[in-house]
Amino acid sequence: MGSEVKQVSGQAIPLVGNDIDTDRIIPARFLKAITFDGLGENAFIDDRTALKGEHPFDQPQYQGAKVLIVNRNFGCGSSREHAPQAIAKWGIKALIGESFAEIFLGNCVAIGVPCVTAEAETVKKLQELVTANPQATLTVNLDTLQVQIGDFTAPVLMGEGSRNMFVSGSWDACGQLVANAEKIRATAGKLPYVSWGKLAAS
């Protein structure tokens with residue numbers, strides 16, 4: 001199917017700090033949104049306001065970045081799915097970090113944003129390389145479980161279940177439903193408790 005995510009390449013953005021929680025990623029006042037549209041512009045908004053343009057998400061050299069490089073326990077705190085949605089709506093397609101909060105990680109998988117982990121020394125080196133050369137292309141390869149930027153290549157980790165979901169495209173539950181629409185109709189037609197006319201009309 002067309003939802004496979006085998007690698008992500010593009011400019012990267014370093015975000016240094018441990019235990020960055022979901023309230024910092026997207027403050028609670030934005031949870032009243034009915035859809036996730038527009039969340040990207042408010043990602044890290046309180047931190048960005050406090051730093052008056054010095055936050056990486058505001059700095060011009062990182063605009064358009066596709067990979068976010070973070071540190072330990074990123075996405076901790078409340079389980080709000082708006083947090084990964086805000087990051088994705090900003091433009092991030094993959095994250096590299098020392099570790100991720102479990103629910104945040106699961107929410108990222110659900111929207112097709114892979115999160116890979118690496119040793120602290122590797123993460124620090126990547127952040128330093130990106131800071132020194134923001135225009136460099138960084139590649140996260142889920143087939144080989146490696147990250148590469150310039151001449152630097154390092155191993156990364158991802159749970160085998162999650163990795164298989166990305167490389168096969170099975171993370172995309174809606175896509176699977178659409179791809180198997182005929183099989184779903186055939187099964188529904190055999191069920192006595194399904195009104196086929198209503199299902200077909202929908």
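Listing for the model above:
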read-out	value
Solvent-accessible heavy-atom area per residue, rounded to whole Å², over the chain at 1.4 Å	52
For the chain, built as a Gaussian network whose Cα springs stay under 10 Å, the top-fluctuating residue of G97, G64, G189	G189
Helix axis angle, 120-132 relative to the chain longest principal axis, alpha carbon, degrees	70
Lys, Arg +1 and Asp, Glu -1 on Cβ, resulting dipole of the chain about Cα centre, debye, nearest 20	760
Length released on extending from T153 to N141, taking residue separation times 0.36 nm less the Cα-Cα span	3.3 nm
Karplus (6.51, -1.76, 1.60) ³J(HN,Hα), θ = phi - 60°, over segment 80-94, in Hz, Gly and Pro reported as x	3, 6, 5, 5, x, 4, 5, 5, 5, 5, 5, x, 6, 10, 7
Projected label distance in nm at E128 and S9, using a 7 Å step from Cα toward the beta-carbon	2.6
Fraction of accessible area attributable to carbon and sulfur, the chain (%, probe 1.4 Å)	53
Full-extension gain in nm, A120 to E41, via 0.36 nm per residue minus C-alpha separation	25.5 nm
Coil-residue trypsin sites (Lys or Arg not before Pro) of segment 1-35, DSSP, other Cβ within 10 Å capped at 14	K32
Nonlocal amide H pairs with V156, under 5 Å, H built at 1.01 Å	Q146, V147
Beta bridge orientation in the chain: antiparallel %, DSSP, nearest 5	55
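The values are calculated or read from the model by the stated rules, or taken from the named source; none is laboratory data. Note that this is a predicted model, so its numbers are computed, not measured. Positions of Cβ are backbone-derived with ideal geometry, glycine not excepted, and every protein chain shown enters the neighbour counts. Note: areas computed on protein heavy atoms with side chains; ligands, DNA, RNA excluded. Shrake-Rupley method; radii C 1.70, N 1.55, O 1.52, S 1.80 Å.
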